[in-house]
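See below for the structure under consideration.
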Amino acid sequence: MTAEVRVTTPAKINLCLGVGPVRPDGYHPLATVYQAVSMYDEVVLRPADRGSTAITVTVSGDGVDVTDVPCHEDNLAARAVRLLGEHVGRELLVSLHLRKRIPVAGGLAGGSSDAAAALLGADALFELHTPRAELAALAAELGSDVPFCLTGGTAMGSGRGEQVTSVMSRGEYWWLVVPDPDGLSTAAVYAELDRLRAGRSARPPEVPDALLAALRAGDIEGLGRALSNDLAPAAVSLRPSLAPLLRAGSECSAHGALVSGSGPTTLFLCESPDHAEQVGEALAAVAGRNGLELAPPVVARGPVHGARVTAVHR
Ligand code: C5P
C-alpha cells in the first residue's frame with residue numbers, strides 16, 4: 001500500500017480569451033489559448049487514518065492568503081477524489097494537504113489545478129491505472145479549466161474551456177505575474193460581462209490567427225500584440241484599480257499587458273527574468289503614485305508541464 005503521493009501542479013494563464021454569448025446552461029462558449037506557467041501548488045495525498053469515514057482537507061499558504069480556501073469535502077480537490085471513487089466503484093478515503101503558492105481566486109486556476117492534481121494523485125495512491133482519457137473526462141466534469149491543468153503546455157480550449165487540443169509553440173516566455181491582494185469570483189466576472197454587454201449579442205469566439213502564428217514562430221513581439229481577454233472589461237469594472245496597472249504595463253517596456261483569466265491577477269510579457277524585474281520596478285512606481293497596494297510580483301516562465309506526480313512513498 002502506498003503511504004504518500006506528492007503532485008506538483010501549475011498555474012494557467014490565457015493568452016487570448018474569447019467569450020461568446022451565455023449558453024442555456026449558464027456557461028459561456030470560449031475560444032482560448034492556455035499556457036501553463038511556473039507557479040506551482042503541491043498536493044500531498046495519504047490514505048485516511050484508520051476509522052476515518054471522510055476525505056479530509058488541510059491547506060497551507062506559501063506566500064499566499066488561504067483564508068478563503070474551503071477545508072472540507074466541498075473543496076474541488078476533495079470532489080475530484082470522490083468523483084474518481086465513483087468512477088472506479090470504490091470509496092477512496094484520503095487525507096489531502098494543499099500547499100498553495102498560486103494566488104487564490106486570482107484568475108490563475110489554482111483551485112482547478114489542485115483538483116487535477118488530486119485526480120492524478122489519488123489514481124497513483126490507490127494504483128488504479130485509470131486511462132488518461134478517462135481522467136480527462138472526469139476533469140471536465142469538475143470544472144472548465146481542470147482538463148488543461150492535467151495537460152499543461154500550451155493548448156487551445158473550446159466548448160466551455162474543457163475541450164483541450166495542444167498547439168505548436170516555440171521557445172519560452174517570461175511573465176511578470178502581479179497578484180492582487182483580494183480575489184475575484186469567476187462567476188461574478190462572467191455575470192459582470194453579461195451585464196456590460198446588456199443583451200448585445202457577442203459573436204462566436206475565435207482564437208486570433210496572429211496569436212497562433214506568433215506562437216509557432218516564437219515571436220514575442222507578435223505574441224504581445226495578439227494578447228487579448230474579453231473578460232478584462234468586466235474584471236476592471238469590478239476592480240477599477242487594475243486600469244492604471246494595465247495602462248502602465250502597455251506604456252513601459254513590457255511586450256504586452258493582460259488580465260489573467262477572470263482576474264484580478266495581471267500579467268506582463270517580458271523577455272527575460274531581468275527584464276521582468278525592471279518591469280516590476282516600473283509598475284511598483286505607478287502603483288505608488290496611485291496609492292495602490294500590490295502583492296509581491298512573481299516572475300514565471302511558460303510553457304511548463306501540467307499536474308505531475310513528483311514523489312511516491314511506500
Ligand atoms: O467551470 P468552472 O466551475 O470553473 O466555472 C466557474 C463559473 O464561471 C461558472 O459557474 C460560470 O458562472 C462561469 N463560467 C462561465 N463560462 C465558462 C466558464 C466558467 O460562465 N466557459
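Every number here is computed from the coordinates shown, using simple stated rules; none is lab data. Owing to the predicted nature of the structure, the values given are computational and were not obtained by experimental measurement. Cβ: placed from backbone, ideal geometry, glycine included. Neighbour counts: every protein chain shown.
Once Rh is set to the Kirkwood radius over Cα pairs, what Stokes-Einstein translational diffusion coefficient, in µm²/s, holds for segment 260-314 at a temperature of 25 °C and a viscosity of 0.890 mPa s? Please report the intermediate quantities before stating the final value.
Values: Rh = 13.9 Å.
D = 177 µm²/s.
Across all directions of projection, what mean area in square nanometres is found for the Cα convex hull of segment 109-169?
Numbers: hull surface 16.4 nm².
With the hull built on Cα positions only, its mean projection is 4.1 nm².
Which whole number in µm²/s is D for segment 1-154 by Stokes-Einstein, with the Kirkwood Rh taken over Cα pairs at 37 °C and 0.692 mPa s? Spell out each step's value before the answer.
Details: Rh = 15.8 Å.
The Stokes-Einstein estimate is 208 µm²/s.
Have a look at ALA202, ALA54, GLN278 and report the one farthest towards the positive end of the charge dipole of the chain, computed about the Cα centre with Cβ charges (Lys/Arg +1, Asp/Glu -1).
ALA202
With the alpha-carbon atoms as the only input, what is the per residue convex hull volume for segment 166-314 in Å³? Please list the in-between numbers first.
On the way: hull volume 24.1 nm³, N = 149.
About 162 Å³ per residue, rounded to a whole number.
Please list, in order along segment 232-245, the HN-Hα scalar couplings obtained from phi with the Karplus expression 6.51 cos²θ - 1.76 cosθ + 1.60 (θ = phi - 60°), rounded to whole Hz, x for Gly and Pro.
Values per residue, Gly and Pro as x: 4, x, 6, 5, 5, 4, 7, 9, x, 5, 6, 4, x, 5 Hz.
So, counting K/R as plus one and D/E as minus one, what does the shell of residues with Cβ under 14 Å around SER201 add up to? The partial results should precede the final answer.
Numbers: positive: ARG23, ARG197, ARG200, ARG203; negative: ASP194, ASP230.
The answer is +2.
Given +1 on the Cβ of Lys and Arg, -1 on the Cβ of Asp and Glu, and no further charges, what dipole in debye does segment 207-260 carry about its Cα centre, rounded to the nearest 20? All intermediate terms of the calculation are to be shown ahead of the outcome.
Details: 4 positive and 5 negative charges, 32 e Å.
Computed charge dipole of segment 207-260: roughly 160 debye.
Assign unit charges at the C-beta atoms only (+1 for Lys and Arg, -1 for Asp and Glu), then state the dipole size of segment 108-164 relative to its Cα centre in Debye, rounded to the nearest 20. Don't skip to the end; give the middle numbers.
Working: 2 positive and 7 negative charges, 33 e Å.
That gives a dipole near 160 debye.
What would the Debye equation give as log₁₀ I(q)/I(0) for segment 197-237 at q = 0.17, 0.27, 0.35 Å⁻¹, counting only Cα atoms as equal point scatterers?
-0.59, -0.92, -1.12
As a check on your grasp of the helix formula, calculate [θ] at 222 nm for the chain: sum -39500 (n - 2.57) over DSSP H runs of n ≥ 4, divide by the residue count, round to the nearest 500. Provide the component values of the computation, followed by the final result.
Working: 10 runs with 108 residues, N = 314.
Taking each H run of at least 4 residues, the total per residue is -10500 deg cm²/dmol.
Using Cα pairs closer than 8 Å and at least 6 residues apart in sequence, work out the relative contact order for the chain, in percent. Could the numbers behind the result be given before it?
Values: 764 pairs, mean separation 85.0, N = 314.
This gives 27 percent for the chain.
How big is the chain by the Kirkwood estimate over distinct Cα pairs, in Å?
Values: mean 1/r = 0.0506 Å⁻¹.
Averaging 1/r across every pair of different Cα atoms and inverting gives 19.8 Å.
What is the magnitude of the charge dipole of the chain about its Cα centre, with +1 placed on the Cβ of each Lys and Arg, -1 on the Cβ of each Asp and Glu, and no other charges, expressed in debye to the nearest 20? Spell out each step's value before the answer.
Numbers: 26 positive and 35 negative charges, 71 e Å.
Result for the chain is approximately 340 debye, rounded to the nearest 20.
log₁₀ I(q)/I(0) of segment 137-177 at q = 0.15, 0.28, 0.35 Å⁻¹, via Debye over equal Cα point scatterers, no solvent, to two decimals?
-0.40, -0.93, -1.17
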